[in-house]
Amino acid sequence: MRTWGPTTMLEIRGLRVRFGSFDALSGVSLDVRHGEIVVLLGANGAGKSTLFRAISGLHPAVGGAIRLEGEDITSWTAHRLVAAGIAHAPEGKHLFPEASVTKNLRLGAYVQRKAPDVVRQTMDEVFELFPALRDKEHDAAGTLSGGQQQMLAIGRALMARPRLLLLDEPSLGLAPLVVEEVFESILRINQGGTSVLLAEQNAHAALKVAHRGYVMEEGRVVLEGDQDDLMGNEEVRRAYIGV
Amino acid sequence: MTLFAQQFVNGIALGSVYALVALGLTLVYGVLKVPNFAHGALYMAGAYVVYVMLTAVGGSYALAIAVAVVVIAVMGAAMEFVVFRRLEGKSSVHAMIAALGVLFFLEGTADVIWGPDFRPVPTPLDGVVTAFGINITEQRILVIVAAIVAMAGLYFLLKRTLVGMSIEAMAQDREGALLVGIDTRRVALITFAISGALAAIAGALIAPLVLVFPTMGAVIILKAFVIVILGGMGSVPGAILGGYLLALAETMAGTYVAFAFSELIAFALLVLVLVFRPTGLFQKGV
């Protein structure tokens, strides 16, 4: 069932994370293969954001392993992970609110700073993906609408030219039309060759674009399967799709 | 009118020193959220480096300033590395108490080395320039000009360099900075070094105008806090404007009200600002 070796972009095995005496993650294992969109479903507090924070080096793991294309990255620092090809558009976005859209994007390309041509080209690609951002390029990020901020958060992550993109609740708080736009762009990003790990509460929209998915509850993976398995699963439908 | 003009120039000279000290303080607060009381000790140490250079080592005043900048920048970075890095993730009360501890430690160290005496520093520029009926010493002209040069340098560094961009990014969102691949520990170290360099310039410029003593940083750091609160915590333009404003207010109050009143101004302003406009008079922004 599990694929090992060069086709695996990200492998997580038995990952444990604690907040004080509370086990936020108690032995999570999952894979993201090259070119996949993998969705992580689960209620608030299930540990999705914590998992993302552990992958991108914002919170240390106390056990288990994270491997990026076979290399053990469990204890790497956040900035080193970005350089290695993992970009994270976090919950809460964490944009630079007083900086312009362009400056946010340029900062997103911090790890590409030695290649100005690449930065310029990537910025063009981001503006093509999110034309709304081009219209606002001189505006401060803090003045954008929620949808535009989400696009900027994704765009900023793309500026690092990641191999693996972590998207934490990109549809949170957005109007349905904007959600659709964001998911379309996620598909296009993926078609460009970037693997995507996506945390979502909007299971219906997420499962439509994802190849495979995992369901998390109380810090562990309780269910995994491909798109059809999860779409057809009675519990998933009841808990996350609301049918 | 002449008296006013004279005091205005004196106020600008004092304000230059206030602004430089407040800049370093606001930078560290803006980027790292550390209320660095020990910043006053860096100012004091900068003045002592100039004292040692001019009385014991020899060489020009320019060399003394340069040595002070380098030594105190390293001291600032060391402070981050030895103390504040260990307090990452703890509440700012920890950082504040640690900063007070470092202030007293460095004051004590100066006391052990040089004793508690007030020491005069030789005045390298002792000429007086007279224009429009105003007398201004060359040293004060140097203070005003050098401070402007230092501020222009800081502006260039923050707005036009990659290091400056990463400092700004970290001030606006530390986690965002981590997520775009900025080594925030390195930025913290650099920020403390820049802050130390600014304190050193201030201490080196004021040294020939005043007497040097171990607790000279304690008074100015309180005023710098008033300025930073006045200008908005973390605001660079606020620190500069606030520095000049406080110095002018003090100088004018000392001239037209009563000399003793000048030392009261800062703290009266502090209370007024905290009560009526706790976010400061100016908008935040590095």
* For chain B, built as a Gaussian network whose Cα springs stay under 10 Å, the top-fluctuating residue of B:Leu27, B:Leu162, B:Leu87 -> B:Leu162
* Asked: Normalised by the number of residues in the range B:19-215, what is the relative contact order in percent for Cα pairs under 8 Å and 6+ residues apart?
  -> 45 percent
* Kindly state, to the nearest 0.05, the FRET efficiency for A:Glu180 paired with B:Ile97, given R0 = 35 Å and r defined as their beta-carbon distance. => 0.10
* Asked: What is the percent of Cα-Cα separations in the range B:106-157 that go past 16 Å?
  -> 64 percent
* Asked: In whole Å, what are the Cα extents of the protein assembly as shown along the three principal axes, biggest one first?
  -> 89, 47, 45
* Once you average over the residues of A:90-96, how many Cβ atoms of partner chains fall within 10 Å of each Cβ? -> 5
* Asked: Helix-derived [θ] at 222 nm for chain B: sum -39500 (n - 2.57) over DSSP H runs of at least 4, divide by residue count, nearest 500?
  -> -24500 deg cm²/dmol
* Point-to-point label distance, B:Ala152-A:Asp124, nm (Cα→Cβ direction, 7 Å offset) -> 3.8 nm
* Structure fact -> So, relative contact order of the range A:68-144 in percent, Cα under 8 Å, 6 or more apart, is 40 percent
* Asked: With a 10 Å Cβ neighbour count serving as the proxy for reagent exposure, in which order, fewest first, do A:Tyr214, B:Tyr61 appear?
  -> B:Tyr61, A:Tyr214
* Structure fact -> Per residue, the convex hull enclosing the Cα atoms of the range A:8-241 spans a volume in Å³ of 115 Å³
* To do: Pick out which of A:Leu230, A:Leu164, A:Leu177 has the largest mean-square fluctuation in a Gaussian network model of chain A, springs linking Cα atoms closer than 10 Å.
  => A:Leu177
* Asked: Could you give the nm distance between label points at A:Asp226 and A:Thr143, where each point is 7 Å from its Cα heading toward the beta carbon?
  -> 4.9 nm
* Along each principal axis, Cα extent of the range B:19-215, largest first, Å -> 55, 40, 28
* Structure fact -> chain B, Gaussian network, Cα under 10 Å: of B:Phe276, B:Phe84, B:Phe261, the residue fluctuating most is B:Phe276
* Asked: Using r as the Cβ-Cβ distance of B:Thr215 and A:Leu172, and R0 as 51 Å, what FRET efficiency do you calculate, to the nearest 0.05?
  -> 0.45
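Explain nothing, just the number: dipole magnitude of the range B:1-118 about its Cα centre with +1 on each Lys and Arg Cβ and -1 on each Asp and Glu Cβ, in debye rounded to the nearest 20.
The calculated dipole for the range B:1-118 is roughly 340 debye.
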* Distance-filtered residues of the range A:10-50 - backbone nitrogen under 19 Å, label point 7 angstrom along A:Glu71 Cα→Cβ -> A:10-13, A:32-35
* Taking the Cα centre of each part, how many Å lie between the range A:168-183 and the range B:1-73? -> 52 Å
* To do: For every helix of n ≥ 4 consecutive DSSP H residues, a contribution of -39,500 (n - 2.57) applies; sum these over chain A, divide by its total residues, and give [θ] at 222 nm rounded to the nearest 500 deg cm²/dmol.
  => -10000 deg cm²/dmol
* Asked: From the Cα gyration tensor of the range A:16-82, with a ≥ b ≥ c the square roots of its eigenvalues, which class applies: rounded if a/c is under 1.5, or else prolate if a/b is larger than b/c, or else oblate?
  -> oblate
* Asked: Using alpha carbon centroids, what distance separates the range A:14-70 and the range B:90-152, in Å?
  -> 51 Å
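Please figure out what share of the DSSP beta bridges in the range A:8-241 is antiparallel and state it in percent, rounded to the nearest 5.
Of those bridges, close to 55 percent are antiparallel.
FYI, it's all coordinate maths here, none of it is from the lab. Values in this document were obtained by computation on a predicted structure and should not be read as measured data. We place every Cβ from the backbone using ideal geometry, glycine too, and count neighbours over all the protein chains shown.
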